[in-house]
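The values are calculated or read from the model by the stated rules, or taken from the named source; none is laboratory data. Please read all numbers here as calculations on a predicted model, not as lab measurements. FYI the Cβ positions are ideal-geometry reconstructions off the backbone, even for glycines, and counts take in every protein chain you see.
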Amino acid sequence: MATCEKNSTVKSAPKKNLRDSSDISRSDFPKGFIFGTGTSSYQVEGAAAKGGKSISVWDDMTLRTPDMIVDGSNGNVACDMYHRYKDDIKVMKQMGFDGYRFSISWPRVLPGGRTSAGINKEGIDYYNDLINTILANGMTPFVTLFHWDLPYCLQLEYGGMLSDQIVNDFVEYAELCFQEFGDRVKFWTTFNEPWSYVVHGYTLEDHYRTDDPTSIDSTVGQPSSESDVSKRTIGIVLVSSCHLLRYSTSQDDQQAVQRAFDFYGWLAGSVDWVGLNYYTADFVAYEKDPSGVGYPADQHCIYSYYDKNQNPIGQPTVLSWLWMVPQGLYDHLKYLQDKYKKDMPPLYITENGVADKNDPTLTAKKACVDPTRIQYFQEHLAAILQAIKDLNFDVRGFFAWSYCDNFEWNAGYTSRFGIMYTDYVNNLTRYMKNSAFWFTKFLRASSTTLPAIDIKGQVEKDPAPVSKKRRAT
């Protein structure tokens, strides 16, 4: 996921009273609607130097410049899902999820970045077994080809995304994945959050420096034969806040809102489906004379979480950039429908979630109590359901971010987005948070009503306090 977003823009729809979020059930959603959860390779796999994998740009950055990460940590071990995926997928299935979104690590299958440098059979075998395990548990795999962990060898050779050569190498990588896994995977994503990868890489300089990966046409890597096309669908995952008018309905402010959208650069007709990562919303107003030069200044936009009367946009969370604004998700879907009309492809909410801060004073049992996360999911699912029913919007699935606490990019292990608690001190053991119990009841029963949950039976004794800082290993 992204740690901040000021990217697309949405004019606010008239405020609508969303349906009571405490009175929704899985059966309210359309038949075939997919409920899933998600992760990405670098954030959860670990095994950074095992199984024939070469290093990625994130391996290099976190080890060479650990000060780029809040707690100086890295994903060398992460959640060790490389060795534990069978148990994790079994838990997902037991909770009632029917989809799992994950990414393939490019340097794990192609350590040299391209097929001519050698294909890593261990990496291919790993993802084959992962996909087979997902299917054996009656779940649908959603596979992302690129979730930011570029092979470092390509960065060294020609600057990675700075060079047009990346197009040819990505095509080889994509075609290899289609060839090896395409007979069992219907839903493919080319890139996860290209906006985050570019803007955080250059404008904010807090991710690995890159160039614009969207310079790779989204049709690149499309299956070559007609029979392949009929079996597989290609999408892209985009991150976006909902941007609302802040001060007035003046022409300047309205144009600022639209201009922020234009700077995002979405194009209709380029994919079979769209994944939307939605977390929050903010207010936008016109800025006549921005300071500095570059991407933010060129927008002539002021972003804020407070309106002209200093009223907050929503309920705050522990992260300064993430406010709970479920109305914003409804407004965003309304905007997309009005903007793209018949050209709007089917949409999946591919990430949605909220974090807790890693508190070293809490035991695992206490850290599993997460009422804010339950409220967040309840209210955003209600917003999606409202858009489906009122707007007839073609939303086909929802993926909770994330399955388990993991390496959260620049935040390291200081932010916990998981519905499963990961004990970083005691063998990376997973524990169900209350939100995981809530999802289990929502997905396997008829009501979201949450009973009193006592996880004492699950955690027989309080584990050791959670570590504030994870050592690089």
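See the values below:
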{"item": "Filter result (modelled with pLDDT under 95 and of a type in the set (Asp, Glu)) within segment 360-389", "result": "none"}
{"item": "Search result, residues across segment 266-319 that are in contact with a Phe, Trp or Tyr (Cβ under 6 Å, 6 or more places away or on another chain), part of a loop (DSSP other than H, G, I, E, B) and of a type in the set (Ser, Thr, Tyr)", "result": "Thr280, Tyr305"}
{"item": "In segment 355-368, residue surrounded by the fewest Cβ atoms within 10 Å (Cβ to Cβ) [restricted to those that are assigned to a helix (DSSP H, G or I) and in contact with a Lys or Arg (Cβ under 8 Å, 6 or more places away or on another chain)]", "result": "Lys365"}
{"item": "Residue count for segment 333-347, restricted to those that are touching a Lys or Arg at 6+ places or on another chain (Cβ under 8 Å) and within 12 Å of Val395 (Cα to Cα)", "result": "2"}
{"item": "Count of residues meeting criterion [of a type in the set (S, T, N, Q) and either part of a helix (DSSP H, G or I) or surrounded by 22 or more Cβ atoms within 10 Å (Cβ to Cβ) (or both)] in segment 156-169", "result": "2"}
{"item": "Residue in segment 406-420 that is of a type in the set (Gly, Ala, Ser), part of a helix (DSSP H, G or I) and in contact with a helix residue (DSSP H, G or I) (Cβ under 7 Å, 6 or more places away or on another chain) present", "result": "no"}
{"item": "Which listed residue, of Thr65, Thr39, is modelled with pLDDT of 90 or more, touching a strand residue (DSSP E or B) at 6+ places or on another chain (Cβ under 6 Å), of a type in the set (Val, Ile, Thr) and on the phi < 0 side of the Ramachandran plot", "result": "Thr39"}
{"item": "Residue list for segment 103-144, restricted to those being charged (D, E, K, R) and surrounded by fewer than 20 Cβ atoms within 10 Å (Cβ to Cβ)", "result": "Lys121, Glu122, Asp125, Asp129"}
{"item": "Cross-chain or 6+ apart pairs with Cβ under 9 Å, segment 143-169 first and closer than 11 Å to Trp106 by Cα, then surrounded by fewer than 20 Cβ atoms within 10 Å (Cβ to Cβ) and charged (D, E, K, R)", "result": "Tyr152/Asp60"}
{"item": "Residues (among the β-branched types (Val, Ile, Thr) and in a loop (DSSP other than H, G, I, E, B)) located in segment 369-405", "result": "Val369"}
{"item": "Residue match in segment 199-222 (condition: in contact with a helix residue (DSSP H, G or I) (Cβ under 8 Å, 6 or more places away or on another chain), modelled with pLDDT of 80 or more and crowded, with 23+ Cβ neighbours inside 10 Å)", "result": "no"}
{"item": "Filtered residues of segment 44-88 (kept if part of a loop (DSSP other than H, G, I, E, B), under 11 Å from Phe407 (Cα atoms) and in contact with a Cys (Cβ under 9 Å, 6 or more places away or on another chain))", "result": "Glu45, Gly46, Cys79"}
{"item": "Criterion (over 23 Å from Tyr348 (Cβ atoms), touching a strand residue (DSSP E or B) at 6+ places or on another chain (Cβ under 7 Å) and of a type in the set (A, V, I, L, M, F, W, C)) met by exactly one of Leu150, Leu154, Leu162, Leu145", "result": "Leu150"}
{"item": "Matching residues in segment 170-199 - criterion: being farther than 21 Å from Arg232 by Cβ and either assigned to a helix (DSSP H, G or I) or without any contact (Cβ under 8 Å) to a residue 24 or more places away in the chain (or both)", "result": "Trp195, Ser196, Tyr197, Val198, Val199"}
